[in-house]
Amino acid sequence: MQDPATTKEAKPSPSKMTHAVRSGKTFLYMTGLIIACLAGYMYGNIGRDIDISYSISSVSIDSSLVHDALKKEAVQDLSRSVQGSSRSLPFGICDDNEDCETVAADDIVVIPSHSEKEEVQKDDQTSRKATIKRICRKYERLTSDEISDDTLKRLFVNEKHRIVYCSIPKASCTNWKRLMMVATNDSIDLESVTKFNAHHNGVLQTLYDYPEYERNTILKSYKKFTFVRNPFIRLLSAYKDKFESLRKYRSNPGGKYFRRYAADIMTKYRLNATLRELESGENVTWSEFILYVTHLAVDEFNEHWKPMYQLCDPCQVEYDFVGRVETINEDANYLLKEVMKLKTSKFPTFSDFATNSSEYTYAAYGDVTLQQLRLLWDIYKWDFWLFGFDKPDFI
């Protein structure tokens, strides 16, 4: 028997060690490559088999699944697979100088197909109209026996397409009036209609122009729509358009009209206002405008900052479509194509005073006192509730 103490452990030869190391590396490499290819194959087939498009800004691969050395290659394989789909959209991937570790897989965005977009629109409209009905039923003070003359005068009728539009200032109403003009007369060039002509055209008829028996028929048989906007953003937009930029109205009839408002505001809320300031009506501050709005009876409001529910009376007029400025592209283009059936199937891109930035809004309302914010909420709360806008978190 051989003495265990004198027995030497057999060592593998150098050639065998080299072969084992190479085999291990090859195994790791092939494993990573197979995972990457499978991922690319799966995502590539999904893009081809399902009627959807992908827009991917970035992708991350868990380091526990793929070796660090192969992570970037796996991401690139995945991106190439998706780009190979005929329905895919361009997207960025990690370059050599980028850190793929920091990118989240949650950034993958699935863009709905046309049919899915329609379903989203239908769901949105069902929800919005249900909210209006619920609030109207809950609060009887919002209902009345008949539609006011003011509302009748802002319900624009198009007999050709059997549509009715309720105009709300500072909620893209200028562009909608332009489109209603084109719907009435195909020879009108949309982009040639100025802002002034959109509001003073003599082309559009309102429901007020019809006898009462025809009004009821139109309301029952025509498609009725309106567009709303976050009430506080709309108020800010009204200030910017009518007061902060008042200089542009110096040679415009609208300027003379709003200079009277400006002079009234400064007379009441500006200490030691000069005669020049009162005559020009320029440079009304946001703080002065807020003081004016919160101390005036709502019935005396100008239409540009009057609550929307008082303008279009959603508890009396059962709208078939309620769009939002915040989702104007999706809502408007769906409405033009599916409801209005217009040749113009794209909403105009030109607009005034983009004030939808949350940072801009927070900065403006950050200068408003809590007491004033509560007064503003009390004025516009019905618009928030009826049209499903969230209560601002700064109140």
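The values are calculated or read from the model by the stated rules, or taken from the named source; none is laboratory data. In this text, all values refer to a predicted model and were calculated from it rather than measured experimentally. Neighbour counts run over all protein chains shown; Cβ positions are idealised from the backbone, glycine included.
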Problem - Number of the condition not met by Val368 [criteria: (1) assigned to a loop (DSSP other than H, G, I, E, B); (2) within 26 Å of Ile135 (Cα to Cα); (3) modelled with pLDDT of 85 or more] - result: (2)
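State yes or no: is Val109 of a type in the set (Val, Ile, Thr) and modelled with pLDDT of 70 or more?
When the stated conditions are applied, Val109 does not pass them.
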Practice task
Mind counting the residues in the stretch 256-285 that are within 32 Å of the chain's Cα centre (by Cα) and surrounded by fewer than 16 Cβ atoms within 10 Å (Cβ to Cβ)?
Solution key: 2
Problem - Odd one out for Leu291, checked against (1) over 24 Å from Thr206 (Cα atoms); (2) part of a loop (DSSP other than H, G, I, E, B) - result: (2)
